[in-house]
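What follows is a set of notes on a single structure, which appears directly below.
The values are calculated or read from the model by the stated rules, or taken from the named source; none is laboratory data. Quick caveat: nothing in here was measured; it's all calculated off a predicted structure. Neighbour counts are summed over all protein chains in view; Cβ atoms, including those assigned to glycine, are modelled from backbone coordinates with ideal geometry. The protein model used for the area step is the full one, side chains on, heavy atoms only, and it has no ligands, DNA or RNA in it. Shrake-Rupley method; radii C 1.70, N 1.55, O 1.52, S 1.80 Å.
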2 protein chains.
Amino acid sequence: MHSVRFTAETSSNGVVERDFLVGEIPGVLWSPVAGSDHAPLVLMGHGGGLHKKTPALMDRAHDLVTTWGFTVVAIDAPGHGDRPRSAEDERTRADFREAHATGDAVRFKSISIRYGASLAERAVPEWQATLDALQTLPAIGTEAPIGYGGGITLGTAIGIPLTAIEPRITAAIFGGGFFAHEALIEAARRITVPIQFLLPWDDEHVDRQSSLALFDAFATKEKTLHANPGDHRAIHWLGLDTEFLPRQLGAISTSPA
Amino acid sequence: MHSVRFTAETSSNGVVERDFLVGEIPGVLWSPVAGSDHAPLVLMGHGGGLHKKTPALMDRAHDLVTTWGFTVVAIDAPGHGDRPRSAEDERTRADFREAHATGDAVRFKSISIRYGASLAERAVPEWQATLDALQTLPAIGTEAPIGYGGGITLGTAIGIPLTAIEPRITAAIFGGGFFAHEALIEAARRITVPIQFLLPWDDEHVDRQSSLALFDAFATKEKTLHANPGDHRAIHWLGLDTEFLPRQLGAISTSPA
């Protein structure tokens, strides 16, 4: 088993940010300056083509650290961020851009599904290795409750198969922006933990029915669909339940309502 | 114009409940014992076959009064609660029960739509007359911001055409459980105020696509769909944004998030 090798540390506004490597997987850990022994740990996924320190992801991570004292971790998906890209990654990304540029929706969808599934197949064991390594840190250990803090699009394409096979994850945030192909629907059907599902109502590329079918598939009765107008790249969430993870991970008691 | 004629008054747990008549329309007004000059006024609709003092409706009314200091009003829909039923009301209700008992989904849907549209046609001017009368009360006046606090099913079938033509309503809560026939979709297309839409994900009678089409139709960009598993008669809302009306009606400042 790989251990966590810290490579850099900075802090600002009460948040310590530590870059790390688990084997060859580059990650980043955010935690309160004041310490956070066995605080809930939230795994954050990034969108397709993005990386572990995408501004929107960091905003949410900082908020979870400063408001709830959580620890948050993000890793680069294969071929993303600081990771090398294989010839196949490069070819797929070029195909992807071309399908997007030429407006070939059928090809765009087929590449999305194939590439997303391929990334998930590699990313799931990487997340598990990262979790194994993080749990050897005294400040985290095996007592910290673990949630998947989401990300729509690729973060969901990876998070769903991960949550389906990883019993350490006890609550998860997923969302739209990714085609719900059969394997993803199958994985969703095996998920029994509480789910918050964020749906951009007017996604330019991904049909709404596909995302609704994904929400429908989750086996849990504790699932909430939250939709607002907008595309996944430009969405303003209105009245979102930002206490979903804190409630599920035990940071605040569940209200009887 | 009719005035408000109060017929009974009780109070409990800090909430004054006053029964009233506006012409022949029986209503009930809930307000804080401590007074509530020009506080936001929330119009509450009840479900089909129910009435203005249905327990779930009263729970929400009490909550709005005690938590936010709001005034809440409910009236009986035509043929509901304390109102007389016409021969046609009785015939329709008997048809309705029969369609339900025999499991005749097509007939059930057709009666629902026809009866709902007929009730809405009568209820909309009744709500407007009630509003006119309530605004002559010094504690309400024309300064109190007004929201429609919903109710799914019949409360939505009446609330949508009401909100579409009533400029005094500046925010509304609607929901599923009622067939989105063409006239209702048309009314939704004229609504430009912020909307919270509550969807029971597994309604036994009303197909999901019908409710999703209704949400899609609202002309406002400030609309949120919130769905949880369950039928409209047995639904437990999870992580619902209960500050939607307080925010929209100015009881709390809008958060920048």
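Looking at region B:101-114 only, could you name the residues that are in contact (Cβ under 8 Å) with a residue 12 or more places away in the chain and under 24 Å from the mean Cα position of the chain (by Cα)?
B:PHE108, B:LYS109, B:ILE111, B:SER112, B:ILE113, B:ARG114
Mind listing whichever residues of region A:51-91 are in a helix (DSSP H, G or I), open to solvent by 10 Å² or more (accessible area, probe 1.4 Å) and more than 23 Å from A:LEU134 (Cα to Cα)?
A:PRO55, A:ALA56, A:ALA87, A:GLU88, A:GLU90, A:ARG91
Which one of A:PHE244, A:PHE215 is within 17 Å of the chain's Cα centre (by Cα), touching a residue at least 40 places away in the same chain (Cβ under 8 Å) and facing chain B (nearest Cβ under 8 Å)? Break it down stepwise before answering.
Details: A:PHE215 fails: touching a residue at least 40 places away in the same chain (Cβ under 8 Å).
Testing whether each residue is within 17 Å of the chain's Cα centre (by Cα), touching a residue at least 40 places away in the same chain (Cβ under 8 Å) and facing chain B (nearest Cβ under 8 Å) leaves just A:PHE244.
Any idea which of B:PRO84, B:PRO26, B:PRO40, B:PRO32 is more than 20 Å from B:PRO161 (Cβ to Cβ) and free of Cβ contacts under 8 Å to residues at least 12 places away in the same chain? Walk me through how you get there before you give the answer.
Details: B:PRO26 fails: free of Cβ contacts under 8 Å to residues at least 12 places away in the same chain; B:PRO40 fails: free of Cβ contacts under 8 Å to residues at least 12 places away in the same chain; B:PRO32 fails: free of Cβ contacts under 8 Å to residues at least 12 places away in the same chain.
Within the list B:PRO84, B:PRO26, B:PRO40, B:PRO32, the selection yields B:PRO84.
For region B:120-141, give me each residue that is in a helix (DSSP H, G or I) and surrounded by fewer than 21 Cβ atoms within 10 Å (Cβ to Cβ). I'd like the intermediate steps shown before the answer.
Of region B:120-141, the ones in a helix (DSSP H, G or I) are B:120-134.
Listed by number, the residues that qualify are B:GLU121, B:ARG122, B:VAL124, B:PRO125, B:GLN128, B:ALA129, B:LEU131, B:ASP132.
Hey, among B:VAL33, B:VAL4, B:VAL28, B:VAL22, which residue is surrounded by 13 or more Cβ atoms within 10 Å (Cβ to Cβ), closer than 23 Å to B:LEU245 by Cα and under 23 Å from the mean Cα position of the chain (by Cα)? Break it down stepwise before answering.
On the way: B:VAL33 fails: under 23 Å from the mean Cα position of the chain (by Cα); B:VAL4 fails: closer than 23 Å to B:LEU245 by Cα; B:VAL22 fails: closer than 23 Å to B:LEU245 by Cα.
None of the other options fit; the residue is B:VAL28.
Evaluate the following for A:ALA123: is it in contact (Cβ under 8 Å) with a residue 24 or more places away in the chain and either at negative phi or of a type in the set (A, V, I, L, M) (or both)? Don't jump to the end; show me each part of the working.
Details: in contact (Cβ under 8 Å) with a residue 24 or more places away in the chain: yes; either at negative phi or of a type in the set (A, V, I, L, M) (or both): yes.
Taking the combined requirement at face value, the residue satisfies it.
Here are some residues: A:ILE195, A:ILE173, A:ILE191. Which one is under 18 Å from the mean Cα position of the chain (by Cα) and away from chain B (no Cβ under 13 Å)?
Only one candidate passes the filter, namely A:ILE191.
Which one of the conditions (1) small (Gly, Ala, Ser); (2) within 20 Å of the chain's Cα centre (by Cα); (3) under 26 Å from A:ALA251 (Cα atoms) does A:ALA120 fail to meet, given that it meets all the rest?
Going through (1) small (Gly, Ala, Ser); (2) within 20 Å of the chain's Cα centre (by Cα); (3) under 26 Å from A:ALA251 (Cα atoms) one by one, A:ALA120 breaks only (3).
Would you be able to say whether some residue in region B:227-240 is within 11 Å of another protein chain (Cβ to nearest Cβ) and among the acidic types (Asp, Glu)?
no
Of everything in region B:158-180, what is modelled with pLDDT of 95 or more and among the aliphatic types (A, V, I, L, M)? Give them in sequence order. Don't jump to the end; show me each part of the working.
So the first thing to find is which residues in region B:158-180 are modelled with pLDDT of 95 or more, and the list is B:158-174.
B:ILE158, B:ILE160, B:LEU162, B:ALA164, B:ILE165, B:ILE169, B:ALA171, B:ALA172, B:ILE173 - these are the residues of region B:158-180 that are modelled with pLDDT of 95 or more and among the aliphatic types (A, V, I, L, M).
Hey, A:PRO194 hits all of (1) over 30 Å from A:ASP104 (Cα atoms); (2) in contact with an Asp or Glu (Cβ under 8 Å, 6 or more places away or on another chain); (3) at pLDDT below 95 but one; which does it fall short on?
Of (1) over 30 Å from A:ASP104 (Cα atoms); (2) in contact with an Asp or Glu (Cβ under 8 Å, 6 or more places away or on another chain); (3) at pLDDT below 95, only one is false for A:PRO194: (3).
Within region B:143-257, which helices (runs of 4 or more DSSP H) (wholly inside it) include 1 or more residues that are polar (S, T, N, Q) and open to solvent by 50 Å² or more (accessible area, probe 1.4 Å)? Outline the logic, then answer.
Details: elements: B:154-165, B:182-188, B:208-217, B:244-248.
Because the criterion is at least 1 residues that are polar (S, T, N, Q) and open to solvent by 50 Å² or more (accessible area, probe 1.4 Å), the helices (runs of 4 or more DSSP H) in region B:143-257 that meet it are B:208-217, B:244-248.
Right, A:PHE108: at pLDDT below 95 and crowded, with 19+ Cβ neighbours inside 10 Å or not? Talk me through it step by step, then tell me what you get.
Working: at pLDDT below 95: yes; crowded, with 19+ Cβ neighbours inside 10 Å: yes.
Considered against the rule, which asks whether it is at pLDDT below 95 and crowded, with 19+ Cβ neighbours inside 10 Å, A:PHE108 comes out as yes.
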